[in-house]
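**Student:** Before I ask anything, here is the structure I am working with.
The values are calculated or read from the model by the stated rules, or taken from the named source; none is laboratory data. Here the structure is a predicted model, which is why all the values come from computation and not from measurement. Cβ: placed from backbone, ideal geometry, glycine included. Neighbour counts: every protein chain shown.
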Amino acid sequence: MTKKLIKLFLKNKKDRKYIGYLSGTVGILINILLFAFKFIVGTLSGSIAITADAFNNLSDVGSSVVTIVGFMIADKPADKEHPFGHGRGEYIAGLIVSILVLYVGIEFFKSSVDKILHPNELSFNIYTFIVLISSILVKLWLGYFNKILAIESSSGALNATSFDSFSDVIITSTVVISILIAKYFNLTIDGYIGLLVSFFILYAGYNLIKDTISPLLGEAPDAELIQNIIDNVKSYDGILGVHDLIVHSYGAEKIIASLHAEVDYKTDILEAHELIDRIEMEVSKKLNIVLILHMDPVVIDNDELNEIRKKIKEVASKYNYILDVHDIRLVDGKHHRNIIFDVVLSDEIKPKQIDSVKQEILNEYSLNFPDFNIVISIDKKYTYC
């Protein structure tokens, strides 16, 4: 049913905004229907608990509105103030929903502690029981529905929306379990069960917030995307190697990547430029990114330089914190010959350690190349995954 509904309303619309709109619209409709159902039953039965839960569903409408607004913002085109678009608006929506999940956990924790300190007898009411079970089933479906959409779109916002529904299922289920235990075993343990559940919701809310904040702060790109970029660029004849890959994300489908591509220094500059342009266009289209390549000419027919490269890489392999060495050049100076290259350090080397580590590496290479002046530049790897 869920997949049929998605297929019916989305049809051939692959745009992420339609997935977000569908999630938000269904959420609004479901929660309004739950509100109306619970409010009527609560009023007719005189149950304050059911009426209060009805207004809880009405507040859930806000989460769905946030989802729709977030996807609307993310879909806005680039402007003067935001030249790379508004794709991160979706992350902000996910963050707001995640905060709401955390708020639910805090409130449930407080009410659970209050029930432990001031226990009250739970009474079994058929109307209450039917409403609670109905609510669990509907919210369970809504959570599953949003989970499918989250997987379909790889959306952190919809993942948070999904858990928001599942958290309602968990909370309502504890109430049902507590009522049944009180009825058949004469035990009042709803406060203790609620306390355990609140810890779970708080932990989940914390993780959701962390997951939605991470892309806003600039998290490491996906490992599969990194490998795809590198493999695709290196697959072209004329590309000898690549390095210095940097990936910027301005939303789930707005990714800009820059990369240095090595070519034979003897290649005609117009021919090399044409190759670089073709790679940028074809790989960008294939991976749905914006790829920017910097052309690095590499001398490959100098035996002395080739031996130096080999020795430099051998020395680098002795250090587990050296991830890569590149841009190795041999430059003749007025008074001495220079070996110049870049060293990429792992993130285990903290900023305050860089100077001392650089000096250690420099000393090692100076011993291995006593007749040369060694010039090292420290690079950072921006693609940790």
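**Student:** State all residues of segment 327-358 that are more than 28 Å from ASP303 (Cα to Cα) and of a type outside the set (D, E, K, R); if no residue qualifies, say none.
**Tutor:** Result: SER346, ILE349, PRO351, GLN353, ILE354, SER356, VAL357.
**Student:** May I pose another question? Considering every residue within segment 162-175, establish whether at least one is in contact with a Ser or Thr (Cβ under 8 Å, 6 or more places away or on another chain), assigned by TED's automatic domain parsing to the domain that holds PHE129, part of a helix (DSSP H, G or I) and not charged (D, E, K, R).
**Tutor:** Within segment 162-175, one or more residues are in contact with a Ser or Thr (Cβ under 8 Å, 6 or more places away or on another chain), assigned by TED's automatic domain parsing to the domain that holds PHE129, part of a helix (DSSP H, G or I) and not charged (D, E, K, R).
**Student:** Here is a further query. Of all residues being in contact with an Asp or Glu (Cβ under 8 Å, 6 or more places away or on another chain) and of a type in the set (S, T, N, Q) in segment 252-288, which is surrounded by the fewest Cβ atoms within 10 Å (Cβ to Cβ)? Just the residue, please.
**Tutor:** If we take residues in segment 252-288 being in contact with an Asp or Glu (Cβ under 8 Å, 6 or more places away or on another chain) and of a type in the set (S, T, N, Q), then ASN288 is surrounded by the fewest Cβ atoms within 10 Å (Cβ to Cβ).
**Student:** Mind checking whether some residue in segment 90-97 is assigned by TED's automatic domain parsing to the domain that holds ASN146, under 19 Å from GLY218 (Cβ atoms) and part of a loop (DSSP other than H, G, I, E, B)?
**Tutor:** no
**Student:** So which of SER235, SER249 ends up being modelled with pLDDT of 95 or more and under 29 Å from the mean Cα position of the chain (by Cα)?
**Tutor:** That would be SER235, the only listed residue that is modelled with pLDDT of 95 or more and under 29 Å from the mean Cα position of the chain (by Cα).
**Student:** Could you give me the residue pairs with C-beta distances under 8 Å whose first residue belongs to segment 366-385 and is aromatic (Phe, Trp, Tyr), whose second residue is in a strand (DSSP E or B) wherever it lies, and which are 6+ apart or on separate chains?
**Tutor:** The qualifying pairs are PHE369/ILE339; PHE372/ARG337; PHE372/ASN338; PHE372/ILE339; TYR382/LEU245; TYR382/ILE246; TYR382/VAL247.
**Student:** Tell me, which residue of segment 131-152 that is surrounded by 18 or more Cβ atoms within 10 Å (Cβ to Cβ) and of a type in the set (S, T, N, Q) is modelled with the lowest pLDDT?
**Tutor:** SER135
**Student:** Check whether at least one residue in segment 191-203 is over 19 Å from the mean Cα position of the chain (by Cα) and closer than 26 Å to PHE71 by Cα, and report yes or no.
**Tutor:** The answer is yes, given that some residue of segment 191-203 is over 19 Å from the mean Cα position of the chain (by Cα) and closer than 26 Å to PHE71 by Cα.
**Student:** Among the residues of segment 251-272, which ones are in contact with a strand residue (DSSP E or B) (Cβ under 7 Å, 6 or more places away or on another chain) and not charged (D, E, K, R)?
**Tutor:** Those that are in contact with a strand residue (DSSP E or B) (Cβ under 7 Å, 6 or more places away or on another chain) and not charged (D, E, K, R): ILE255, ILE256, ALA257, SER258, LEU259, HIS260, ALA261, VAL263, TYR265, ALA272.
**Student:** While we're here: Within segment 231-277, can you find the residues that are free of Cβ contacts under 8 Å to residues at least 60 places away in the same chain, aromatic (Phe, Trp, Tyr) and under 17 Å from ILE292 (Cβ atoms)?
**Tutor:** Within segment 231-277, just TYR236 meets the criteria.
**Student:** Something else now. Here is a check on your reading of the model: is VAL290 on the phi < 0 side of the Ramachandran plot, more than 26 Å from the chain's Cα centre (by Cα) and not assigned by TED's automatic domain parsing to the domain that holds SER346?
**Tutor:** Here the answer is no, as VAL290 does not meet what is asked.
**Student:** Among the listed residues ASN159, ASN146, ASN186, ASN120, which satisfies the condition of being at positive phi and not hydroxyl-bearing (Ser, Thr, Tyr)?
**Tutor:** ASN186
**Student:** Among the residues in segment 292-302, are any in contact (Cβ under 8 Å) with a residue 60 or more places away in the chain and touching a helix residue (DSSP H, G or I) at 6+ places or on another chain (Cβ under 8 Å)?
**Tutor:** yes
Condition check ((1) surrounded by 13 or more Cβ atoms within 10 Å (Cβ to Cβ); (2) in contact with a Leu (Cβ under 9 Å, 6 or more places away or on another chain); (3) farther than 16 Å from PRO370 by Cβ) across all residues:
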site: GLU307; (1), (2), (3): no, no, no
site: LYS310; (1), (2), (3): no, no, yes
site: LYS318; (1), (2), (3): no, no, yes
site: ILE322; (1), (2), (3): yes, yes, yes
site: ARG329; (1), (2), (3): yes, yes, yes
site: ASP332; (1), (2), (3): no, no, yes
site: HIS336; (1), (2), (3): no, no, no
site: ILE340; (1), (2), (3): yes, yes, yes
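**Student:** Answer yes if at least one residue in segment 163-171 is crowded, with 18+ Cβ neighbours inside 10 Å, over 16 Å from the mean Cα position of the chain (by Cα) and over 30 Å from GLY89 (Cβ atoms), and no otherwise.
**Tutor:** The answer is no, given that none of the residues of segment 163-171 is crowded, with 18+ Cβ neighbours inside 10 Å, over 16 Å from the mean Cα position of the chain (by Cα) and over 30 Å from GLY89 (Cβ atoms).
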